[in-house]
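The values are calculated or read from the model by the stated rules, or taken from the named source; none is laboratory data. Keep in mind it's a predicted model, so treat the numbers as computed, not measured. Cβ: placed from backbone, ideal geometry, glycine included. Neighbour counts: every protein chain shown.
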Amino acid sequence: MTELSDDDMQEADKQENVVDTAKRVSRCDAHAKGSMLNPVSFDEISAGSHEIFIEYSNQLYRLSRTRLCKLILTKATNPFGN
């Protein structure tokens, strides 16, 4: 059995991290296909309101626009108790 040097071990760790990252990115890409090609205006989805509520993975989030036209995403309490 051959003993690996520290440099070889570091290189193997880097390659393993690249593979793990690639797997995570490929999972996320499935959800994001076309999102950069088809942007949605906040005004369109908010129907002129300054905030919208988004349900994701059984959690409720609030996306709001500030007076300085910044968007803030916060976790919201569910008013329906779900």
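Quick one: Ser46 ticks every box in (1) touching a helix residue (DSSP H, G or I) at 6+ places or on another chain (Cβ under 8 Å); (2) at pLDDT 90 or above except a single one, so which number is it?
Among (1) touching a helix residue (DSSP H, G or I) at 6+ places or on another chain (Cβ under 8 Å); (2) at pLDDT 90 or above, Ser46 violates only (1).
Any residue in the stretch 60-74 that is modelled with pLDDT under 90 and either at negative phi or outside any strand (DSSP E or B) (or both)? Break it down into steps so the answer makes sense when it comes.
Keep residues of the stretch 60-74 that are modelled with pLDDT under 90, which gives none.
Within the stretch 60-74 (the criterion being modelled with pLDDT under 90 and either at negative phi or outside any strand (DSSP E or B) (or both)), the answer is no, since none of the residues qualifies.
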